[in-house]
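The values are calculated or read from the model by the stated rules, or taken from the named source; none is laboratory data. Remember, it's a predicted structure, so these values are computed and weren't measured experimentally. All Cβ positions, glycine included, derive from the backbone under ideal geometry; neighbour counts span all protein chains shown.
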Amino acid sequence: MTREQSFLPNPSRINIPFVLDIIIVSNPEQIKRIESSSDVDRLHAYPTAELPWWVKYYLSATRFHTPQDDNWFLPFESSANREYQKRRSQMDDQIARGYRPQDITKIADLLVSNADDSDLSFHMAQLIAGRFSQAEIPLDICLAGRETLQRLPEAINPVRYAQAKKAHGKLYDFCAHNLLDDYHLVDAGQHTIAGAAKSMVDALHILKENINLPVDKIFTKNPITLQAPRIAIRDSDLGGLLKSKTKPGWTVVIFQIAKAAQKTSDLYFTFGTGTSERACSFMNFFLDFMKDLQMELIDRTASVD
Ligand code: HEM
């Protein structure tokens, strides 16, 4: 077994022949350049069966993939995928319906009263994922969403992995039976429920802890999504950055977008890879919601003083 690791600060590489080959990029300009090159694409540009074993193992216990029917969350699909535009429009259209003033009041009430994360998860899931569902999303399904794997190192612990797989199965079953017609099970169901119940609740705490900073600053200093993965689709040294070339379908490039967001203060790194192209469908909703909630929380503090 050999381990090749560049001593350059960026990118770094972990290459264990026949096991895995991962390149980690955190320099914002390098991320943008590699993303716009034709050296990499989204993971599911390759059929699932051909992907590196560790990618399948990890992602099948997250909100991003359903091995039951081989569905992938939209950012994992190549722009060349025939369904891409339709799925993107479906998400954009529903998210554009926005939220009501009483949603802001409700979440502010919960935050001010220091409600449990389970309460916050339940209400955020109805507010965001409810629009794609025929039925209320039960609390145990919101909590299952929170229990899916969030970070790669969690996959190493067999107890944590088994717990995440069980939660994943529960969440999948709910989505398979309760989504409104024609919505994608992962985009509208599994990812949205788990994202609302976990990432959005984390974001609410971050907002509350930084209540006097501008929202844009809060969420570039404290980005929620740490990384975005891509897969090599050709032999390449990534524009002279590598000593040995990538292997198509095997080398995975991890963009450390959170570090890039912190470094550049650019919200397009909080919600994508540094440009508006294929940025998160939910970005504008998120920013408007957080700004309204921030005003409500500040108003309440002022009226108490
Ligand atoms: C804290 C909340 C969220 C953050 C920080 C976030 C962040 C991101 C990031 C970084 C990407 C790009 C991933 C990549 O390039 O590989 C992305 C894509 C996407 N996100 Fe979000 N997201 C959030 C919540 C949501 C929610 C709740 C929804 C759905 C209601 C959503 C829908 C999408 C969609 C559909 C894409 C794919 C866009 C495309 O590829 O065209 N996101 N998000």
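If I filter the range 50-65 down to residues being part of a helix (DSSP H, G or I) and over 18 Å from the mean Cα position of the chain (by Cα), which single residue comes out as surrounded by the most Cβ atoms within 10 Å (Cβ to Cβ)? Across the range 50-65, the extreme among qualifying residues is TRP54. Would you mind finding the one in ARG230, ARG300, ARG234 that is among the basic types (Lys, Arg) and part of a loop (DSSP other than H, G, I, E, B)? Residue meeting the stated conditions: ARG234. Taking the range 253-287 as the range and being more than 10 Å from the ligand (Cβ to nearest atom), within 18 Å of HIS44 (Cβ to Cβ) and crowded, with 22+ Cβ neighbours inside 10 Å as the test, only VAL253 passes. None of LYS170, LYS208, LYS221 is of a type in the set (Lys, Arg) and either without any contact (Cβ under 8 Å) to a residue 24 or more places away in the chain or more than 15 Å from the ligand (Cβ to nearest atom) (or both) except LYS170. The listed residues are PHE122, PHE64, and the only one of them that is hydrophobic (A, V, I, L, M, F, W, C), modelled with pLDDT of 95 or more and in contact with a Phe, Trp or Tyr (Cβ under 6 Å, 6 or more places away or on another chain) turns out to be PHE64. Criterion first (surrounded by fewer than 14 Cβ atoms within 10 Å (Cβ to Cβ) and either over 26 Å from ASP292 (Cα atoms) or under 18 Å from the mean Cα position of the chain (by Cα) (or both)) does GLN68 satisfy it? Yes: the conditions hold for GLN68. In the range 110-223, counting only helices (runs of 4 or more DSSP H) that sit wholly within it, the ones holding 3 or more residues that are small (Gly, Ala, Ser) and closer than 24 Å to TYR57 by Cα span 158-178.
Among the conditions (1) over 19 Å from the mean Cα position of the chain (by Cα); (2) away from the ligand (no atom under 12 Å from the Cβ); (3) farther than 30 Å from GLU50 by Cα; (4) not acidic (Asp, Glu), ARG97 misses just one, which is (2).
In this structure, is ALA135 small (Gly, Ala, Ser), within 11 Å of the ligand (Cβ to nearest atom) and either within 27 Å of GLN102 (Cβ to Cβ) or over 16 Å from the mean Cα position of the chain (by Cα) (or both)? Here the answer is no, as ALA135 does not meet what is asked.
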